[in-house]
Amino acid sequence: MSSTKVRVRFAPSPTGGLHLGGVRTVLYNYLFARHHGGDFVLRIEDTDQSRFVPGAEDYIMDCLKWCGLIPDESPLRGGPFAPYRQSERKESYRQYAEQLVIQGYAYYAFDTTEELEHMREKFKSDPNPSPQYDAKLRNHMRNSISLPAEEVKKLLDAGTPHVIRIRMPENEEIHFDDMVRGHVSFATNSVDDKVLLKADGMPTYHLAVVVDDYLMKITHAFRGEEWLPSAPVHLLLWKYLGWENSMPQWAHLPLILKPDGHGKLSKRDGDRLGFPVFAMNWTDPKTGELTEGFREKGFLPEAFINMLAVLGWNDGSEQELFSLDELVEKFSIGRVHKGGAKFDYEKAKWFNHEWIKKSDTERLLPDVKKVFRDKGIDISNDTLEKIIPLLKERCTLLPEFFEQGSFFVIRPETYDLPAVQPKWSEQKKTFFIQWIESLKDLQEWNFASLETSFKEKAANSEIKPGELLLPLRIMLVGGKFGPAAFDIAVVLGRDETIGRIKAALEVF
RNA sequence: GGCCCGUUGGUCAAGGGGUUAAGACAUCUCCCUUUCACGGAGGAAUCACGAGUUCGAAUCUCGUACGGGCUACCA
């Protein structure tokens, strides 16, 4: 209905690792923007200098890059609405706060932290365990509403530290239509006079999000459900600032919950239950503590994104595997689920397994190469091209390519003897000795010829081929795992195959 | 405590007045494979509860319960 271009933003606070839920918010933003041919903006909400964490911003951008969710405008790329870091926009916020004071929608408050604590203590009661700075209480505090005008002026002239608070109206009803929840309403009496501008001159989230969304012409705002209670403040600000007609449409996304128990999924849950919560490895610069990410755990970004997309959304069909392009095509905010979803790591791994299986060798090659390189082994692309197709259906996480396939490049040093020895015999040993000889003269070194030769020799020895297959596998692999034995022999090549059989024969 | 949001198998979920209430993960059984997987067949398992509206409610309404979020000069 509107012809204005869709513009959405992801507005993280750079305070640490990028959480699953954060990535999903980015993803929904991105999908919505692309689906509607709009712009996707990354805006850094760094208004809390006390929580500044060096490196966190670059880290977030790296995560987005890994996920393939590249913003059209960002601190890195710039754009027509630069700067994209709120700390760099500091000067622009004060005027709006002052404007609100002049219009009577906000006021100066001089209360110190101690005074606020004292107030909370003093007015705390059983029916009201957490008293709010609101219409009932602001007259008991030191602010430009409770204090005489001369005194306010005096305090201001003296440079007394102060904040600017919104003056929440009494007995009003605020309501709006949320894109995922439908109609939502609040009574203004239950909302406190939120701080808009802090004593250090920085805006709080409440002011900054409204001012920047307006200035950056944001049309749709997605954020986590934890923001719902402060939505009335934002709605009012849009109205008081006179921008009501430009207000974005809101969508409050359901939360991602702990797999066990209840509550929001946190980094701690990952540590406790043994799965990643952050997109990529994050090292806390203060403590040096490393938290493993999905990338390093061995997830493909395609799978990570896919898994996140359907955690709270589906297209109504039975399809579960979606590429990013398909998601862009099919995503609709209206089909986002309202309720929170418990995170299921098993299902997450299933997605990764599916994506590994459906990815072609060329796609997987660099990742698998890295897995081996991290183990100190360089493998040629030629070999990789041969082993990846053989290995991928048994690998759920990338590092398993090494676990499942290291024997291709490292001759086994130990054997799963209990698997062979009980049924081992001189006849079998003789068979292998003879087979080695015929292998030397084998015309074609491929699956079919190996199999034929193996079966013929087995028949001559009057042993069932099946009883020889397991020993052969152990000789080649060392254990009871891996692709078909003849497939392995093909990749190993004639010399190495014969060599391994000989070596094993010494031990069996 | 208050305010807001939510509630379909263990988990993710489709379904929005009439369905045998899909599908997926996990789980169990079997088949395939003398490795591990993949694949295939099947099983068990769900509408939180109570009222109402209706010929008929998982679907609509209201209560209750339960869960979650928020309740900072953090986002």
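In table form, for the structure just shown:
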| item | result |
| --- | --- |
| Region A:195-210, residues that are in contact with a strand residue (DSSP E or B) (Cβ under 7 Å, 6 or more places away or on another chain) and surrounded by 23 or more Cβ atoms within 10 Å (Cβ to Cβ) | A:L196, A:L197, A:P203, A:L207 |
| When residues of region A:160-177 are limited to those that are at pLDDT 95 or above and not basic (K, R), the one farthest from RNA strand B (Cβ to nearest atom) | A:P169 |
| Yes/no for A:S449 being touching a Leu at 6+ places or on another chain (Cβ under 9 Å) and without any contact (Cβ under 8 Å) to a residue 40 or more places away in the chain | yes |
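The values are calculated or read from the model by the stated rules, or taken from the named source; none is laboratory data. Values in this document were obtained by computation on a predicted structure and should not be read as measured data. Positions of Cβ are backbone-derived with ideal geometry, glycine not excepted, and every protein chain shown enters the neighbour counts.
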